[in-house]
Amino acid sequence: METSKRTKIKELLNSTAFGSIITVKGWVRTFRNNQFIAINDGSTINNIQAVVDFENTDETTLKRITTGAAVSVTGELIESLGKGQKVEIKVKRLEILGDSDAEKFPLQPKKHSLEFLREIAHLRFRTNTFNAVFKVRHALAFAIHQFFNERGFVYMHTPIITASDAEGAGEMFRVTTLDFDNTPRTEEGKVDFKQDFFGKSTNLTVSGQLEGELAAMAFGDIYTFGPTFRAENSNTTRHLAEFWMIEPEMAFYDLKDNMQLAEDLLKYVIKHAMDTCADEIEFLKNRLLEEEKQKPQDERSELDLAAKLNFCLNNDFERLTYTEAIEILKNSTPNKKKKFKYLIDSWGADLQSEHERFLVEKHFKKPVILTDYPKEIKSFYMRQNDDGKTVRAMDILFPGIGEIVGGSQREERLELLENRMKELNIPAEELYWYLDTRRFGTAPHAGFGLGFERLVLFVTGMTNIRDVIAFPRTPKSAEF
RNA sequence: UCCUUCUUAGCUCAGCUGGUUAGAGCACAUGACUGUUAAUCAUGGGGUCCCUGGUUCGAGCCCAGGAGAGGGAGCCA
C-alpha cells in the first residue's frame, strides 16, 4: 500500500544514494515525451524528473499525468541517463493523488504575464517565480526576528484595532459592528459610537509606533512586526492597503544610533536571504535579465540582481542632511536644464520621487539616508533641532523602491512636544497615555518603520508590490 | 484622486484606409514518434472582438459613456 513517507525533492537533488527506493509527492509541472514528468513539491524551486516506463503503464493513468496534477511516485533514484539533470527517478509505482483537468487548469508550461498571474493569485504559488518570491519573503521575515533576537530586542504585539485617530497618519479603515441600515444617532444627529462594540469609534492600526514607544520605555529595545492598514486611495506599484511593517523603538538611542541600526538590519537580512535562497535569487536574477531584454538599453539596470544586492552589502549607505540634498539637487543638471517636473529653487519643499530617484540612482548610486528635514513636512513626534527649523528625521531611500525606511529620534521633552501638538491641532487629552512617557522618566529614544513588502521588492527584484504579498489588498480589490 | 496607455481564442499577441468567412504561436484533443528539457511532427476543435449606446449601406476598427487592467504622479512604508 501507499505509504505516507516521502522524501523532499530538495534533499533528493543533492543525493547520491543511487539505487535506493524513494517516494516523492508533488505536483506535475510538465509531462514530456509521454515518459518524463517534471515534479515540484515546493521544497526547492527545482523540479525532479521522474521517468515512466510508458510501455508498461496503462494508458488511462498516463492520460491523467497533466500539468497541475498531484502525484505520488515511488521508484529507484538513479543517475540521470539524459543531460540537464544529475539525478532522476525510475518510476516503479505511480499514483495520481489529485487530477487536474488540463483544459481548465490555467497554468501552462510557458511564461505567463504577472498581470495574468495576479488574477489567479490562488494558483500562482505554483510557478517558479512565486515559489522564489515567497521563499525569499520567508527568509527575510525569519532573519528580521533573528536579528532583533540576537540583539536582545523584545518582540511586541501592538494592537490591530485602535481607538486613537489622533496620529493623523493617513486615512483609516473603520471597525464597527453597527448596523449601517439603522445606525444609532445622538441628539445632534451624529452616529452614536457609544452604542458601538467598543463604546467608541475604532479603526485598524496605521502604525504601532506610539504603543511601541510605551514598551521601549520599559524594555529598552523592542520591535513590532505586524500588519498595517491604510485606507489611502493609492494606486501605485509600491503601495498596499494592507501591508506588513517592522517598527523598532529604542530607548537611549539618538538619530545616529537609529540610522546605524537600520543599516545593520537591512544588510543582515539581505545577506541572510542571499545565503539561504541562493537558487531562488539566481532564478530571480535571470528572470529580471530576461524581462529587461524587452527594454531599451538605457532603461536596463547597470547591475544584475545578485550584483546589486552584493553592492548594497559592501558599501556604506550615504548619509546627508535634507539641506545638503537640496544643495545637490539645486545644482544638478536636470534642475538646471529644467528636466525636473518640480524644480528645486528653495529650501523647505518636500522632495518629489523624481528628486529622490536622482539622488539614489544617478548621483550617489547607492542607498541614501536623508536626515534633518524641515519640521513642517514631518510628524509631530519628531525631535526638534536647535535651529528651530528642522527635526531629527531620517528616511532611507533605495534604488527602484524609494522610501523603504522612515524614522526619527523622538521628541522626549514634554513641553516642546505639547507645543508642537498644539500647533498641529492634535488633541493632547486623547494621547495622555503617550504623553505620560514624557511625564514619568522621559528619556531620549528613537525608532523607525521598515516597509516589509518594499524590502521584499528590493531583494527579489520584482517591480510591483502586488507580486510580493500573497493576496494584495488595494483600492477596489480584495479578492481571495 | 490626477495624467497616460491598453482590453480580440484558455494564455501571449497580429488584424491594412471602415468592407463581406477575424488570424498566428503556445495550450487543449486525436494520431505518429519515444532520453525529453517550455520535446517534436501532422490533423482538429475553440471567439459576447470588455459592456452600453451612437454614426454608417456596412463597425474588431470611428464617436460618446461606463467597467477593468498596466505605467507614471500625489499620499506614504
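The values are calculated or read from the model by the stated rules, or taken from the named source; none is laboratory data. Nothing here was measured: the structure is a model prediction, and the numbers come from that model. A quick note on method: Cβ atoms are made from the backbone with ideal geometry, for glycine too, and the neighbour counts reach across all protein chains shown. The accessibility values were calculated without ligands, DNA or RNA, using every heavy atom of the protein model including side chains. Shrake-Rupley method; radii C 1.70, N 1.55, O 1.52, S 1.80 Å.
Numbers for the structure displayed
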item	result
Accessible surface of chain A, 1.4 Å probe, proportion on carbon and sulfur as whole %	49
Surface accessible to a 1.4 Å probe, A:THR74 within the full protein complex, Å²	20
Sequence of A:TRP244, A:TRP433 from largest to smallest accessible area, 1.4 Å probe	A:TRP244, A:TRP433
Neighbour-limited loop hits for chymotrypsin sites (Phe, Trp or Tyr not before Pro), region A:3-97 (at most 14 other Cβ within 10 Å; DSSP other than H, G, I, E, B)	A:PHE18
Antiparallel DSSP beta bridges within region A:1-140, as percent of all bridges there, nearest 5	90
Helix-only mean residue ellipticity at 222 nm for chain A, each DSSP H run of n ≥ 4 adding -39500 (n - 2.57), per residue, nearest 500	-8500 deg cm²/dmol
Taking only Cα atoms of region A:310-393, radius of gyration then Dmax in Å	13.6, 40
Cα principal axis extents for chain A, largest first, Å	85, 60, 43
Reachable aspartates and glutamates from A:LYS135, criterion Cα separation under 18 angstrom, eight or more residues apart if same chain	A:GLU11, A:ASP41, A:ASP275, A:ASP279, A:GLU280, A:GLU282, A:GLU453, A:ASP467
Extended-chain gain in nm, criterion 0.36 nm per residue less alpha-carbon gap, A:ALA307 and A:SER201	33.2 nm
Beta bridges by DSSP in region A:26-90, antiparallel share as percent, to the nearest 5	85
Restricting region A:284-317 to trypsin sites (Lys or Arg not before Pro) in coil, as DSSP defines it, with at most 11 other Cβ within 10 Å	A:LYS293
Largest-first ordering by accessible area, 1.4 Å probe, given options A:HIS363, A:HIS239	A:HIS363, A:HIS239
Convex hull of region A:1-133 built on C-alpha atoms - directionally averaged projected area, nm²	8.5
Nonlocal amide H pairs with A:ARG410, under 5 Å, H built at 1.01 Å	A:ARG383, A:HIS445, A:ALA446, A:GLY447
Förster-model FRET efficiency, 60 Å R0, A:ARG93 and A:ALA163, C-beta, rounded to 0.05	0.50
